[in-house]
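As structure tokens, the structure follows; a few thoughts come after it.
The values are calculated or read from the model by the stated rules, or taken from the named source; none is laboratory data. Because the structure is predicted, anything quoted here is derived from the model rather than measured. Cβ placement follows ideal geometry from the backbone for every residue including glycine, while neighbour counts extend to all protein chains displayed.
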Amino acid sequence: MELRIFGPVPSRRLGKSLGVNNIPHKICSYSCVYFQVGKAVKMQVLPADESTVIEAFHIFSAHIGQVELLTGYEGNAFSSTGNFREDILSITAVHPMREDAVMGLLKKNNTDISALTSLIEEGMMEKSKFGDYFYYLRKFHN
């Protein structure tokens, strides 16, 4: 498989980051009309196997140094400042939060569900289902 590295690209968390395109030529989950190399011939994206992900991690670690490899659910051990709104917006700026983690954060901050409902109504957060779980995601506006 041919890997293409591009960047640096803007990163909310790191400032700048490198992008990796590991999708085979003309196989994609989208079919964008503006794509430079023409329409996708096969609408598909297959996840990389574990050995490929670990190999990529080692390559990046050797050249960059500080690299994270997340292979599963990180758990619900989120720090809290006591301000639910700031906490959830900060955490979800990095990754989505599972519903049980959000409920735990509400409890830790001694805050009721209306704080979360307000964020959704304001268009700052959204709720989404993936697999067997609901997740809360931060919405970013241009």
Condition set polar (S, T, N, Q) and modelled with pLDDT of 80 or more, scope the stretch 46-75, selection farthest from residue 99 (Cα to Cα): answer is 61
For residues in the stretch 115-126 being within 15 Å of residue 90 (Cβ to Cβ) and in contact with a strand residue (DSSP E or B) (Cβ under 8 Å, 6 or more places away or on another chain), which is surrounded by the fewest Cβ atoms within 10 Å (Cβ to Cβ)? 124
Looking at the stretch 104-114, which of the residues that are surrounded by 15 or more Cβ atoms within 10 Å (Cβ to Cβ) and not in a loop (DSSP other than H, G, I, E, B) is modelled with the lowest pLDDT? 108
Does the stretch 88-96 contain any residue that is farther than 26 Å from residue 54 by Cβ and modelled with pLDDT of 90 or more? yes
Enumerate the pairs (first residue in the stretch 124-142 and under 18 Å from residue 106 (Cα atoms); second residue anywhere and exposed (fewer than 10 other Cβ atoms within 10 Å of the Cβ) and at pLDDT 85 or above) with beta-carbon separation below 8 Å, excluding pairs fewer than 6 apart on the same chain, so at least 6 apart or on different chains. 135/129
Name the residues in the stretch 84-98 that are surrounded by fewer than 16 Cβ atoms within 10 Å (Cβ to Cβ) and closer than 13 Å to residue 135 by Cα, would you? 95
